Amino acid sequence: MYNFPEGRPLAPGPTGTRAYANRGIVPRAKRPYGGHQPNWPNPGVRFHIQQESDIPASTQLYNQICFAIAARHYPPGHRLPSTRQLAMQTGLHRNTISKVYRQLETDGVVEAMAGSGIYVRDQQKPREIKPPPGPRGKLLPDIDRQVRQSVDGLLNAGCTLQQGRDLFTREIDWRLRCGARVLVSTPREDIGASMLIAEELIPSLEVPVEVVPMEELAAVLTESNNGTVVTSRYFLQPVEEIAKQHGVRAVAVDLNDFRHELDLLKELRQGSCVGLVSISPGILRAAEVILHSMRGNELLVMTANPDTGSRLLALLRAASHVLCDRPSLPLVEQSLRQNRAQLIRMPVVHCAQSYLGTATIDGLRKEIGLLAT
């Protein structure tokens, strides 16, 4: 469990990662696709394999596809390029690409449709119940009609009135439990990703938000199985398995597409040094892979956790441009002030203001029974 003092940085965890808390965080301890998009190439997505890298080629491709999906370059239901198309683009053997696709399917990121292709997995959307926005009497007849139709449907299916009431009560109770709280969960080694998600959910949700390492999620749900578990799409499969065992729902949030940041990186002159700073090691790994896929060896890339003072200082000395997340910005600015005399030039610092996609918070509000903002 993590105890987060309000508005203050936390002590380093077992992996040396410092989590940052904002006020309000209370940490603890298929539906078939209605239609598939054609397999048109997405001109904005180009996969690039660094042959000289120590990272296996299959891992590079896996990370790049995951990022493209998480950033909605490939939205739910989109058909991914064929193994032949990717082989022509990346130079990899088709067997290697098939292995990557199989791993993505095992991890719950994509779904293979026999004779059709590989599609980005979509989550089943619950039935939407819209509460009346105005006086109750204005929309009451429509609501009553919907209720009567639902009851008639149960009776026509052979249910008694008592059975119908039990079914309605069970469904409503379950939805109330799902909306009681939100548990944000990622592996402990990347708890910073949970902190970034929680930081943006707190101002938009009227329910408690808790950060729980995935390794402790089962124990927390055993104590109380009220709530909805939220995670990054990277970790949806293992989190879903834990949530299902305790009768709760797991929902993946989509990342910002970081279009502004990517446009900035595209314009940097060859030979520039770029520094990436984040409290999430996973984000740093993914960002480094994506940057290499865009610019190859044209840019020098350095990464640092804001907690690692020596590495951060080395990055600030070398980089002409620094990209960071909001929790990292205060430490980046502090290090710049304290070491100004040691810097040949001051790097240009750009802070990504949003970690989550614009529509994902409204989608989550609907999932847990709240009105869209």
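Each value in this text was obtained by applying a stated rule to the coordinates, not by laboratory testing. Fair warning: this is a prediction, and the values are worked out from it, not measured in the lab. No Cβ is skipped: glycine too gets one built from the backbone with ideal geometry, and neighbour counts run over all protein chains shown.
Compute the FRET efficiency between residue 169 and residue 204 as 1/(1 + (r/R0)^6), taking r as their Cβ-Cβ distance and R0 = 35 Å, and round to the nearest 0.05.
Calculated transfer efficiency: 0.75.
Points 7 angstrom from Cα along the Cβ direction at residue 298 and residue 144: gap in nanometres?
Spacing of the two 7 Å Cα→Cβ label points: 6.7 nm.
With +1 on each Lys and Arg Cβ and -1 on each Asp and Glu Cβ, how big is the dipole of region 290-373 about its Cα centre, in debye rounded to the nearest 20?
Once rounded to the nearest 20, the dipole reads 280 debye.
Scaled to the compact-protein estimate 2.2 N^0.38 Å, what is the alpha-carbon radius of gyration of region 151-258, rounded to two decimal places?
So region 151-258 has a normalised radius of gyration of 1.28.
Using a Förster radius of 30 Å, what is the FRET efficiency between residue 222 and residue 103 based on their Cβ-Cβ separation? Nearest 0.05, please.
0.50
Please compute the length gained on full extension between residue 112 and residue 59, using 0.36 nm multiplied by the number of residues separating them and subtracting their Cα-Cα distance.
17.1 nm
Set the Förster radius R0 to 41 Å, insert the Cβ-Cβ distance between residue 52 and residue 245 as r into 1/(1 + (r/R0)^6), and round the FRET efficiency to 0.05. If you can, show how the numbers build up before the last one.
Numbers: r = 43 Å, r/R0 = 1.06.
That gives a FRET efficiency of 0.40.
Say each of residue 215 and residue 266 gets a label point 7 Å from the Cα, pointing the same way as Cα to Cβ; how far apart are those two points in nm?
According to this spin-label approximation, the distance is 4.1 nm.
Among the aspartates and glutamates, select those whose C-alpha is under 14 Å from the C-alpha of residue 366, and discard any that sit fewer than 8 residues away in the same chain.
Here the aspartates and glutamates satisfying the reach criterion relative to residue 366 are 128, 206.
Stretched out fully, how many nm does the piece from residue 162 to residue 353 gain, at 0.36 nm a residue minus the Cα gap?
63.6 nm
What order do you get for 272-280, 305-313, 257-265 when each peptide is scored by the mean count of other beta carbon atoms within 10 Å, highest first?
272-280, 305-313, 257-265
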